[in-house]
Amino acid sequence: MVGHYRLTGIAFMDVKQRIAKVVNSHPIVLFMKGSPQFPMCGFSSQATEALKRCGARFEYVNVLEDPEVRAHLPHYSNWKTFPQLFVQGELIGGSDITVDLFESGELQRIVDDAQGK
């Protein structure tokens, strides 16, 4: 199951507070370009596919819908590219790391732990 979290609905907060709220409110969050159904870049598509193959229930934020989030997330996470995967409030990494973790089987363990399996 995939959920869409719109950060624009809580615009009264500072952008870093909005990012922190979504990261800390959901076990698995993917900041990506586009949506899992319609990714707008190959890297976002690869990360989404790895999560889906692990059976992950995750929230996603389409950074193309919110220029402030797209501009400030790299400063928040100290990671300059998209997508960015957060699990239980911590940055896991981008597409390459997500795919590597999937291929090693580690992503499945991370997803299962985050979902209480």
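Each value in this text was obtained by applying a stated rule to the coordinates, not by laboratory testing. Here the structure is a predicted model, which means the values were calculated and not measured. Here the Cβ positions follow ideal geometry from the backbone for every residue, glycine too, while neighbour counts run over all protein chains shown.
If I stretch the segment between Glu49 and Asp96 completely, what's the gain in nm (0.36 nm per residue apart, minus their alpha carbon distance), one decimal?
Taking 0.36 nm per residue and subtracting the Cα distance, the gain is 15.7 nm.
For the pairs Lys21/Lys52; Lys16/Lys117; Lys52/Lys117, flag any whose C-alpha to C-alpha distance is greater than 19 Å.
Beyond 19 Å between Cα atoms: Lys21/Lys52; Lys16/Lys117.
At 0.36 nm per residue, minus the direct Cα-Cα distance, what do His72 and Phe38 gain on full extension? Give it in nm, one decimal, please.
Length gained, His72 through Phe38: 9.9 nm.
Just one of [x] 35; [y] 52; [z] 17 is percent of Cα pairs over 24 Å apart as worked out from the coordinates here. Which one is it?
[z]
If you rank Ser95, Ser25 by fewest surrounding Cβ atoms within 10 Å, what's the result?
Result, fewest neighbours first: Ser25, Ser95.
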